[in-house]
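The values are calculated or read from the model by the stated rules, or taken from the named source; none is laboratory data. Bear in mind the structure is a predicted one, so any value in this text is a computation, not a measurement. Ligands, DNA and RNA are stripped out before the accessible areas are found, and what is left, the full protein with its side chains, is counted by its heavy atoms. Shrake-Rupley method; radii C 1.70, N 1.55, O 1.52, S 1.80 Å.
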Amino acid sequence: MNASDVMTRNVLSVRPEATIAEAIRLMLDNRISGLPVLDETGRLVGILTEGDLLRRGETGTERHRPRWLEILMGPGRLAEEYVRTHGRRIAEVMTRDPVGVSPDTPLEEIVALMERHRIKRVPVLDGDVPVGILSRADLLRGLAGALAEAPVAAASDEEIHERILAELARAAWVPRDGVAITVKNGVVDLNGVILDEKERVALRVAAENVPGVRAVQDHLV
């Protein structure tokens with residue numbers, strides 16, 4: 001799957017000069033946790049998320065550091081932090097230069113991007129213009145759709161057996177010796193020796209996920 005397969009289209013956005021009060025109301029009313037920030041030409045210049053609004057002077061949640069640490073940080077960084085916790089305009093508190101992806105970016109790359117940058121959403125861009133946004137919720141909807149798709153049932157025990165072996169051949173954790181797999185009337189029998197109980201669970205899951213499998217019998221030791 002690519003970003004375009006699961007992203008949310010017709011995304012709500014805000015301007016940099018708008019107030020955070022307006023953005024908060026928009027997020028609450030539409031039950032969303034982030035908004036792209038677009039300039040007058042429609043170009044993405046930032047993103048405003050719940051995380052940008054967690055530490056605020058109004059709620060008493062801004063950071064309080066020891067005086068010696070503030071001296072080490074320097075006035076410039078402290079001033080910047082003050083603006084983020086007290087500023088009322090979106091341009092003053094938004095995250096600038098957000099990480100973006102293109103519509104044809106594979107989901108595998110997007111998930112790795114989210115994990116690396118510790119973010120919950122990425123704008124989907126056509127050049128500098130947003131065409132959608134992809135959040136963790138969108139990934140869950142994509143997963144739900146994939147799980148709901150009816151798999152094509154295997155035609156025979158031999159085909160089931162071949163599919164299980166093909167799946168195990170792609171996994172690095174599979175014990176290469178000492179495990180035998182047989183299939184009869186759609187029932188998979190696991191026999192042999194394993195070195196870790198986690199391998200037992202993984203072998204069962206690999207077998208159960210093959211279309212046509214009716215049951216798995218575990219005789220592993």
How much length is gained on full extension from residue 149 to residue 63, taking 0.36 nm per residue of separation minus their Cα-Cα distance?
26.2 nm
Could you work out the mean projected area of the convex hull around the alpha carbons of region 75-177, in square nanometres to one decimal?
12.1 nm²
For the chain, count the residues as N, evaluate 2.2 N^0.38 Å, and divide the Cα radius of gyration by that value, please.
1.49
Let me have the relative contact order for the chain, percent, based on Cα pairs under 8 Å that are six or more residues apart.
19 percent
Using a probe of 1.4 angstrom, how much of the accessible area of region 62-110 is carbon and sulfur, in percent?
53 percent
Taking the alpha-carbon centroid of each part, what is the distance from region 1-66 to region 118-139 in angstrom?
12 Å
Can you pull the semi-axes for region 1-127, root of five times each eigenvalue of the Cα gyration tensor, sorted largest first, whole Å?
29, 18, 13
accessible surface per residue for region 105-221, probe 1.4 Å, DNA/RNA/ligands not counted, whole Å² -> 63 Å²
